[in-house]
1. With a 10 Å radius around each residue's Cβ, average the other Cβ atoms per peptide and rank 70-77, 59-66, highest first.
2. Not counting ligands, DNA or RNA, and with a 1.4 Å probe, what is residue 37's accessible surface area in Å² rounded to the nearest 10?
3. Give me the one-decimal nm value for the distance between modelled label points at residue 93 and residue 31, 7 Å along each residue's Cα-to-Cβ direction.
4. Would you work out if the stretch 55-98 is rounded, prolate or oblate? Take a ≥ b ≥ c from the square roots of the eigenvalues of the alpha-carbon gyration tensor; rounded if a/c is under 1.5, else prolate when a/b is larger than b/c, oblate otherwise.
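The values are calculated or read from the model by the stated rules, or taken from the named source; none is laboratory data. Because the structure is predicted, anything quoted here is derived from the model rather than measured. We place every Cβ from the backbone using ideal geometry, glycine too, and count neighbours over all the protein chains shown. Note: accessible area is taken over every heavy atom of the protein model, side chains too, but ligands, DNA and RNA are not part of it. Shrake-Rupley method; radii C 1.70, N 1.55, O 1.52, S 1.80 Å.
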Amino acid sequence: MRVTWEAQGGQAAAIRLGLPPKVLDTDALPESAAGELNRLVAAVEAGHDRPSRARDAMSYTITVEDGGRSTALTQSEAAMSPAFAALLGWLEKHIAEQ
């Protein structure tokens, strides 16, 4: 599984303009970490998107590619589900460790 993470909008949108998305491949992870990532992704996919009504709120898109299937998960910081926040935090931590 390959997971791509990127942020859009928000107050610092111009600073991030042109930055490539962050990528994590589960082949590079220990089996336990890959399993944890799978559980976090499944929890977000099982939830419902929460529309955002906040202007200039930063939004995050996490794209999951697995077995020829691609799923884009998008939420904003103004209306982020706990499951999405957990996945985002996990990705930030593990991508920084690469």
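1. Per-residue Cβ counts within 10 Å, averaged per peptide and sorted highest first, yield 59-66, 70-77.
2. Rounded to the nearest 10, that gives 0 Å².
3. 2.1 nm
4. oblate
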